[in-house]
Structures are given as structure tokens and as C-alpha cells.
1. It is to be established whether one or more residues within the range 125-144 are farther than 29 Å from PRO182 by Cα, more than 17 Å from the chain's Cα centre (by Cα) and either of a type in the set (D, E, K, R) or surrounded by 21 or more Cβ atoms within 10 Å (Cβ to Cβ) (or both).
2. Going through the range 155-172 one residue at a time, which ones are out of contact with any strand residue (DSSP E or B) (no Cβ under 7 Å at 6 or more places or on another chain), touching a residue at least 60 places away in the same chain (Cβ under 8 Å) and over 20 Å from LEU105 (Cβ atoms)?
3. For the condition in a loop (DSSP other than H, G, I, E, B) and under 17 Å from the mean Cα position of the chain (by Cα), what is the one hit in LEU197, LEU154?
4. Being on the phi > 0 side of the Ramachandran plot and either modelled with pLDDT under 95 or of a type in the set (Lys, Arg) (or both), is that true of even one residue in the range 85-97?
5. Of everything in the range 247-287 that's under 24 Å from ARG199 (Cα atoms) and out of contact with any helix residue (DSSP H, G or I) (no Cβ under 9 Å at 6 or more places or on another chain), which residue is most open to solvent (accessible area, probe 1.4 Å)?
6. Identify, from the list ASN193, ASN239, ASN178, ASN208, the residue that is out of contact with any strand residue (DSSP E or B) (no Cβ under 8 Å at 6 or more places or on another chain) and of a type in the set (S, T, N, Q).
7. Just to be sure, is GLY222 touching a residue at least 24 places away in the same chain (Cβ under 8 Å), on the phi < 0 side of the Ramachandran plot, surrounded by 14 or more Cβ atoms within 10 Å (Cβ to Cβ) and of a type outside the set (Lys, Arg)?
Amino acid sequence: MGDFGMRRIGLILIALVMLTSSANAGWQERLTRKIDHIAKGKQMTIGVAFAYDGKKFAYNNDQQFPLASVFKYHVAVAALLQELPMDSLTDVSAQDMRADTYSPLRLIHPGADFRITMADLMRWSVSESDNNANDLLIRQCGGIARVDQIIRELGIGEFSLNYTEAQMHDNPELCYDNWSSPSAMAQLFMAYNHELLTRVMDNANTGNDRIKAGLPFWAEMGHKTGTGPMLNGVRVAYNDAAIVNLPDGKQCYIVVFIKDSKENDETNSFVISQITKTIFDMFLREEF
């Protein structure tokens with residue numbers, strides 16, 4: 001083949017690479033515009049991450065979003081990575097169970113000492129979002145600084161864990177210091193999975209009007225929500241992060257974080273569900 005033929009093939013290959021890159025960039029730009037449209041007029045800051053089959057998307061990923069109860073997932077991962085025996089019993093005193101925080105576990109053991117397995121502590125923390133159970137898990141892990149270190153050892157950056165549930169309850173401003181970028185949360189999902197953790201996320205009893213409300217009826221998911229406190233009329237955080245099981249056997253990861261929202265919670269939930277629906281509408285039309 002002559003030089004002209006080789007040059008022609010080279011130009012064709014370059015053109016194909018450019019077209020592929022343009023197509024890949026195109027769906028991200030379209031999704032960004034669609035999220036911009038959903039966010040228009042809303043008094044909130046939205047962060048989004050999506051990952052599927054090597055394709056990744058992030059929106060406002062340079063922002064630090066308070067995790068609220070989503071950090072219970074980080075704590076559960078740390079407990080599993082330390083190989084704490086899930087069937088071992090831990091002693092819980094009545095003093096460990098704060099009465100002024102969200103804790104359905106305390107209502108089962110009002111004013112009493114009791115024993116509970118690590119697996120059940122994880123279930124109460126992740127599935128039921130029990131704050132006392134989460135702090136007990138943090139203690140078993142060796143403290144919140146140790147949890148932060150364990151997650152970093154997975155290669156995850158763009159997050160920071162500094163305070164327990166009790167500390168944030170006593171000073172709600174500290175909620176801003178337990179934060180993550182959206183993509184760091186998706187990366188954590190991809191970096192570590194465990195049968196027990198998957199099961200407790202699948203059985204989560206919170207936030208069904210968020211990501212779940214935007215998914216097709218056939219989609220199976222496990223997720224962890226987080227709802228921060230109200231400070232001066234502003235919702236500090238309103239989050240959902242999910243692992244979605246698809247019919248092809250693969251998984252996709254969706255994270256939608258909202259911070260500093262002046263909207264009501266119905267609107268916050270609607271925004272999360274609409275962003276999820278937008279992502280899946282594009283997915284089903286094979287626009288990615």
C-alpha cells in the first residue's frame with residue numbers, strides 16, 4: 001500500500017477516534033443540561049455521580065457535600081474490612097442509647113442494658129438509619145478517625161469523616177465536616193461490596209421517594225439515604241446513594257446529594273427522583 005493509502009487510513013482512524021470521543025462527551029453534556037434544567041429556580045446545591053460499565057459522570061463534583069446518614073455506609077464498610085466478627089455479641093448499656101436522637105433500637109430496649117450482634121448493629125445502622133447503632137459501630141471500629149483511615153486505604157479521596165453522630169447532634173454545624181464529593185461516594189460503592197452490606201442496603205426503610213421513585217419498576221436497588229438538620233431555615237443535606245442491579249447482570253451507581261436547600265423536603269425528594277429518572281431515560285434510549 002502506498003503512502004497515500006496509509007495516510008488515508010490514518011486519517012480515517014483519527015476521525016473515528018474523534019467521533020467516539022465526541023459521542024462520549026455528548027451524552028455527558030446532554031445530561032448536564034438536563035440536570036441544569038431540573039435545578040433551575042431551586043434554592044439548593046445539587047451534586048450527582050453516575051457510573052456504569054466504565055462510563056462515568058459527575059455534576060458539581062468540586063463541592064463538599066455533607067453526608068448526613070450516608071456516612072453510615074462508610075462505617076459499615078470499615079467494620080467489615082476490619083473483619084469484626086459479625087456473629088459476636090457486644091454489650092450495650094442503657095447510657096449508650098441516647099434518648100434525644102433518632103434510634104428505633106432504643107425503643108426496643110428502653111432504659112435497659114442488652115447484648116446485640118455486630119450484624120444486627122449494622123442492620124439497625126444502615127437499614128433503619130439508627131444513630132445510636134452507628135456510634136456503637138464507630139466505637140467498635142476504633143473511632144471515627146480510624147473509619148476515615150480505613151476508607152482512604154481503599155484509595156478513596158475527596159471525602160472526610162471527623163465526627164460521630166453524638167457530636168453532630170450536640171453541634172449540628174459539625175455536619176458540614178463529614179463530607180464527600182458525589183464521585184467519591186460512587187467510587188466507594190465500586191471499591192467494596194459485601195453480601196451482608198448488600199442485604200441490609202436492599203432492606204433500607206428510608207427514602208423511597210428519592211432515587212427509588214425515579215427508577216423503572218423492574219430495577220432492583222440497595223441504597224443509603226441521609227437527611228441533615230435544619231439550620232436557620234436551610235436543610236443542611238438531603239441525600240441518596242444507590243447501587244442498582246440491572247437485567248444484564250451488571251450494576252450501576254447513582255449518587256444524588258443536595259446541600260443547603262431552602263426548599264421543602266417534598267421538593268428535595270422530587271429533585272432526586274427526577275434526576276434519577278432522567279439518567280435512566282437516557283440509559284434506556286442507549287444514549288450513553
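The values are calculated or read from the model by the stated rules, or taken from the named source; none is laboratory data. What you are looking at is a predicted structure, and each value in this text was computed from that prediction instead of being measured. Note that each Cβ is placed from the backbone with ideal geometry, even for glycine, and that neighbours are counted across all protein chains shown. Each accessible area value is taken on the protein alone, full model and side chains, heavy atoms only, with ligands, DNA and RNA left out. Shrake-Rupley method; radii C 1.70, N 1.55, O 1.52, S 1.80 Å.
1. So the first thing to find is which residues in the range 125-144 are farther than 29 Å from PRO182 by Cα, and the list is none.
Checked against the condition, which is being farther than 29 Å from PRO182 by Cα, more than 17 Å from the chain's Cα centre (by Cα) and either of a type in the set (D, E, K, R) or surrounded by 21 or more Cβ atoms within 10 Å (Cβ to Cβ) (or both), the range 125-144 yields no hits at all.
2. LEU161, the sole residue that qualifies.
3. Details: LEU197 fails: in a loop (DSSP other than H, G, I, E, B).
Criteria check complete, one pass: LEU154.
4. Looking only at the range 85-97, we keep the residues that are on the phi > 0 side of the Ramachandran plot, and these are none.
No, there is no match, as no residue in the range 85-97 is on the phi > 0 side of the Ramachandran plot and either modelled with pLDDT under 95 or of a type in the set (Lys, Arg) (or both).
5. Filtering first and then ranking leaves PRO247.
6. Working: ASN193 fails: out of contact with any strand residue (DSSP E or B) (no Cβ under 8 Å at 6 or more places or on another chain); ASN239 fails: out of contact with any strand residue (DSSP E or B) (no Cβ under 8 Å at 6 or more places or on another chain); ASN178 fails: out of contact with any strand residue (DSSP E or B) (no Cβ under 8 Å at 6 or more places or on another chain).
None of the other options fit; the residue is ASN208.
7. Values: touching a residue at least 24 places away in the same chain (Cβ under 8 Å): yes; on the phi < 0 side of the Ramachandran plot: yes; surrounded by 14 or more Cβ atoms within 10 Å (Cβ to Cβ): yes; of a type outside the set (Lys, Arg): yes.
Against the criterion (touching a residue at least 24 places away in the same chain (Cβ under 8 Å), on the phi < 0 side of the Ramachandran plot, surrounded by 14 or more Cβ atoms within 10 Å (Cβ to Cβ) and of a type outside the set (Lys, Arg)), GLY222 qualifies.
Residue-by-condition table, conditions (1) closer than 15 Å to GLY214 by Cβ; (2) part of a strand (DSSP E or B); (3) not basic (Lys, Arg):
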| site | (1), (2), (3) |
| --- | --- |
| ALA242 | yes, yes, yes |
| PRO247 | no, no, yes |
| ILE254 | yes, yes, yes |
| GLU263 | no, no, yes |
| ILE275 | yes, no, yes |
| PHE283 | yes, no, yes |
